[in-house]
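The values are calculated or read from the model by the stated rules, or taken from the named source; none is laboratory data. Predicted, not measured: the structure shown is a model, and the values here were computed from it. Every residue, glycine as well, gets a Cβ built from its backbone with ideal geometry; the counts of neighbours run over all protein chains shown. Please note that ligands, DNA and RNA were not included when accessible areas were found on the heavy atoms of the full protein model with its side chains. Shrake-Rupley method; radii C 1.70, N 1.55, O 1.52, S 1.80 Å.
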Amino acid sequence: MSEPNASAIPTSRAASRSRTHKLTVTAMLSAVAFLLMFIEFPIPALIPAFVKLDVSDLPELLAAFSLGPVYGVAVALLKNLLFLVLHGTSYVGEVFNFIMGGVFAFSAGFVYQRNKSRKGALLGAVIGAVLMSLLSVPLNYYVVYPAYVVCYKLPLDAIVGMYQAIRPSANGLLECLVTFNMPFTFFKGML
């Protein structure tokens with residue numbers, strides 16, 4: 001019988017420690033992101049009050065930059081699962097939040113992973129915010145708002161009316177999403 005390779009044992013332990021460290025940091029950042037979801041506020045002069053600003057994407061971004069893009073997506077998933085289970089909402093907002101946060105964290109982390117510098121972090125965050133804001137329009141238009149109409153029995157005209165209360169010339173949901181939600185989502189990503 002041959003003896004185990006002595007040099008392989010420390011590497012295995014180091015890999016195990018590294019994996020444990022990454023899982024621990026992911027869990028901690030997920031908990032922080034979950035708590036940050038409760039700190040949300042409307043910006044009524046700029047967007048209807050049912051669309052609220054929160055900074056729960058920040059821990060996702062930290063995970064994506066420090067551990068890698070997949071860990072940023074994991075934080076987005078875990079925070080929304082925790083929120084869904086402990087807050088008990090309709091699931092529509094959490095699924096949308098996960099998709100937006102996952103796109104933001106993955107793209108920002110992917111860019112940063114290839115250029116680990118302040119410029120790479122900033123470029124990654126800008127690309128993530130742009131992708132998130134562009135994707136928000138079709139997802140809101142085809143999935144989220146129709147689901148809100150079904151889940152909350154809120155007529156689409158009433159939703160558009162909330163936008164028109166801010167800008168009376170707004171004409172239809174698509175225009176409202178492009179005029180209000182897309183810049184708001186970009187601002188949230190840049191914040």
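With a Förster radius of 35 Å applied to the beta-carbon distance between A165 and L122, the computed FRET efficiency rounds to 0.45. Residue-wise HN-Hα couplings along segment 130-146, as the Karplus relation 6.51 cos²θ - 1.76 cosθ + 1.60 with θ = phi - 60° gives them from phi, are 5, 4, 4, 5, 5, 6, 5, 5, x, 5, 5, 5, 9, 10, 5, 5, x Hz; Gly and Pro carry x. Around the Cα centre of segment 1-150, unit charges on the Cβ atoms of Lys, Arg, Asp and Glu (plus for the first two, minus for the last two) sum to a dipole of about 540 debye.
Database remark: amide H of I166 closer than 5 angstrom to no amide H (H placed geometrically; neighbours at sequence offset of 5 or more, or on other chains; Pro and chain starts carry no H). Overall dimensions of the chain, expressed as equivalent-ellipsoid semi-axes from the Cα gyration tensor (√(5λ), whole Å, largest first), are 39, 18, 13. If you run the Gaussian network model on the chain, springs between alpha carbon atoms under 10 Å, then out of V73, V137, V55 the most flexible one is V55.
Taking amide hydrogens as placed 1.01 Å from N in the peptide plane, the amide H of L53 sits under 5 Å from those of F41, I43, each at least 5 positions away in sequence or on another chain. Helical runs (DSSP H, four residues minimum) scored at -39500 (n - 2.57) apiece and divided by the length of the chain put the mean residue ellipticity at 222 nm at -22500 deg cm²/dmol.
In the chain, what percent of the accessible surface is made up of carbon and sulfur (1.4 Å probe, ligands and nucleic acids excluded)?
70
Computed with a 1.4 Å probe over protein heavy atoms only, the accessible surface of segment 94-191 comes to 53 Å² per residue.
Give, in nm to one decimal, the length gained when the segment between C151 and R13 is fully stretched (0.36 nm per residue of separation minus the Cα-Cα distance). Can you show the working numbers first?
Working: separation 138, 0.36 × 138 = 49.68 nm, distance 4.95 nm.
That works out to 44.7 nm of additional length.
For the set K52/K116; K52/K153; K119/K188, the pairs lying more than 26 angstrom apart at their alpha carbons are K52/K116.
Suppose R0 equals 30 Å. What FRET efficiency, 1/(1 + (r/R0)^6) with r the Cβ-Cβ distance, do Y142 and F50 give to the nearest 0.05? Once the sixth-power term is evaluated, E becomes 0.95.
Note on the chain: GNM, Cα springs under 10 Å; of P138, P155, P168, the largest mean-square fluctuation is that of P168. With unit charges on the beta carbons (Lys and Arg positive, Asp and Glu negative) and the dipole taken about the Cα centre of segment 41-191, which residue among N171, L139, I127 sits farthest to the positive side? Farthest towards the positive pole: I127. Hey, how much of the P(r) for segment 26-95 falls beyond 21 Å, as a percent of Cα pairs? Of all Cα-Cα pairs in segment 26-95, 27 percent lie more than 21 Å apart.
On a 1.4 Å probe surface of the protein chains, which of I47, I39, I127 comes out largest in accessible area, and what is the full order?
My answer, sorted largest first, is I39, I127, I47.
Scaled against the 2.2 N^0.38 Å expected of a compact globular protein of N residues, the Cα radius of gyration of segment 66-148 reads 1.18.
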